Each structure stands twice: as structure tokens, then as C-alpha cells.
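Derivation of every value follows stated rules applied to the coordinates shown; laboratory data play no part. Here the structure is a predicted model, which means the values were calculated and not measured. Cβ coordinates were reconstructed from backbone atoms using ideal geometry, including for glycine residues, and neighbour counts include every protein chain displayed.
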Amino acid sequence: MSETSEDNLALKSEKIEFRKYQVEIADKCVNKNSLVVLPTGLGKTIIAVITASKTLQFFPEGSKIIILAPTRPLINQHYDTFTNFLPISHDKFVVLTGKVLPEKRVQFYEEN
């Protein structure tokens, strides 16, 4: 099922094949603390991208979205997905892992 998200201008919607349940879940997560539990392959990362995009519309310029993940491969997957689907310059994204020195994390957070 392909759906567009016309009210979501901060998203490269032509690149995403929206599934109705993903959009509905994302809509319920905007401006709330949420935990989405779905089996692998049902698009939790896409739900996160849609939610982040909609959330950015409500907050002032310069606001930040922080994505946490338990493994480096998963955070790299999120980085790739977010940079692909959000119309935000790649240099505004940063991946912080345990390999980044704590002093550098502060600097990267402030700059990105």
C-alpha cells in the first residue's frame, strides 16, 4: 500500500512506500514518549523517521532528535535511513558510540 504524507513537508516522501499502519503508529507517537514493539521487518525505523519528521515541525529551528540503539550496526542503519529520508544536510547528523571520546561527544552534540 502506498500512501503519501502531504502534511509532512520535512520528509522525502517520494522515497518511502508508506504503509497505513506505520503512519497511524507514527501519528500516535508524535509529541509523546512512546515505545513501538513490532516484529523484525515491519518498519519500526520508518515509523521513527516519520515520527521524527512530524516532531521537527512542532519545535523551533535548531531542535535535535536523538536516536538510541543498543548496537553499532543498528545505529548505523538508523543513520543511513534518517539521512536518506529526511531533507537535512548529512553534516547535521552524527553517530556517537563508545568509540567516540566523551569530550568529543559534547562537541559533536553541540555542533550537530
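Key figures for this structure:
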read-out: Taking I46, I16 and counting other C-beta atoms within 10 Å, the order from fewest to most; value: I46, I16
read-out: Out-of-range pairs (alpha-carbon distance over 27 Å; input K32/K104; K44/K64; K20/K92; K64/K104; K28/K64; K28/K104); value: K32/K104; K20/K92; K28/K104
read-out: Proxy reagent accessibility, fewest Cβ within 10 Å first, across S63, S53, S34; value: S63, S34, S53
read-out: Lys, Arg +1 and Asp, Glu -1 on Cβ, resulting dipole of the chain about Cα centre, debye, nearest 20; value: 420 debye
read-out: Förster radius 25 Å - calculated FRET efficiency between K20 and L96, Cβ distance, rounded to 0.05; value: 0.15
